[in-house]
Amino acid sequence: MTFRLIALSALFLSACAVQQESPESPAQPADFPEALYLQAAADTQNRVYRADRKLSQILIRAYRGGILTLLGHEHIVASQDVHGYILLNKTTGLCQTDLFVPLAKLNVDDPQLRTEAELQTTPSLSSSDNTKKNMLENIDATSSPFAQLHSSDCSAALSGKETKVLLTIHGVKQERQLAINLQQTDDNQLIVSGKLSILQTEFGIEPFSVFNGLIQVEDKLDLTYKLVFTELN
């Protein structure tokens, strides 16, 4: 009995040691320029806004495909953990923004969001968990744990024009022209909203499929977003 207790104790301690040594996911991308925005906020000519994670949301709609499409589900993937800044210069009109989303914190198939999107099927909880696991593996979230957006000149959005942005997903960078609705409120906030569609294959992601493609996720993903930014004081 004593030997067995010692062996079990050793096994438990060994498991704990392995868990403690496993590296945690980084809190933000290595190249995220947070210091630039915090320094800019000290200049009275600048107005710097930070994303409000409680009020901001990105929704991604994934469509089912394949010959046996009726056996699959459409999915709603939500990011409610958006990080980033917008910098506006009062004198020059400069507008710059950097955003990122931790992929591991994406919410898959929230029942309320599925209802709001008027999706016709209801996946089980275990099915939604498997969907998230498969999704994170498919986009290699361990090696590329963030989706990022950067714009060095977002001033066009202030006048309702398309704005050039750089999207980084799965380690692949793509330039896009986005129609962004940017509103300034009276309570020191910016509200940024809009829609865009992307193809997974453009970012080196092979759409998930099973049974040799008989059930699969379509290549195109539709995104809608509403992001609230609050001015740093």
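Where a number appears in this text, it was derived from the coordinates with a stated rule and is not lab data. Quick caveat, the model's predicted, so the values are computed rather than measured. Glycine gets a Cβ as well: all are built from the backbone with ideal geometry, and neighbour counts include every protein chain shown.
Observations
- Counting only Cα atoms, the size of region 134-208 along its three principal axes is 43, 23, 20 Å, in decreasing order.
- For Leu232, the amide hydrogen comes within under 5 Å of the amide hydrogens of Val48, Tyr49, Arg50, counting only partners 5 or more places away or on other chains and with H modelled in the peptide plane.
- Full extension of the segment from Asp219 to Thr201, taken as 0.36 nm per residue of separation minus the current Cα-Cα distance, would add 5.8 nm.
- More than 30 Å apart - percent of Cα-Cα pairs taken over region 33-231: 26
- You can think of it this way: the chain between Ala35 and Gln189 has 53.4 nm of extra reach, that is 0.36 nm per residue less the Cα-Cα gap.
- For the peptides 161-167, 96-102, the ranking by packing is 96-102, 161-167, with the highest mean count of neighbouring Cβ atoms within 10 Å listed first.
- Kirkwood-type hydrodynamic radius, region 167-233: 14.6 Å, calculated from all non-identical alpha-carbon pairs.
- With eigenvalues of the C-alpha gyration tensor scaled by 5 and rooted, region 90-137, Å: 35, 16, 6
- Within the same chain, aspartates and glutamates fewer than 8 places from Lys90 are excluded, and of the rest, those with a Cα less than 15 Å from its Cα are Asp43, Asp153, Glu231.
- Placing pseudo-labels 7 Å out from each Cα toward the beta carbon at Asp110 and Arg53 gives an inter-label distance of 1.4 nm.
- In terms of distances greater than 19 angstrom between alpha carbons, the cross-link table entries Lys105/Lys133; Lys133/Lys173; Lys54/Lys133; Lys132/Lys226 yield Lys133/Lys173; Lys54/Lys133; Lys132/Lys226.
- Considering all C-alpha pairs of region 24-120, those separated by over 17 Å amount to 64%.
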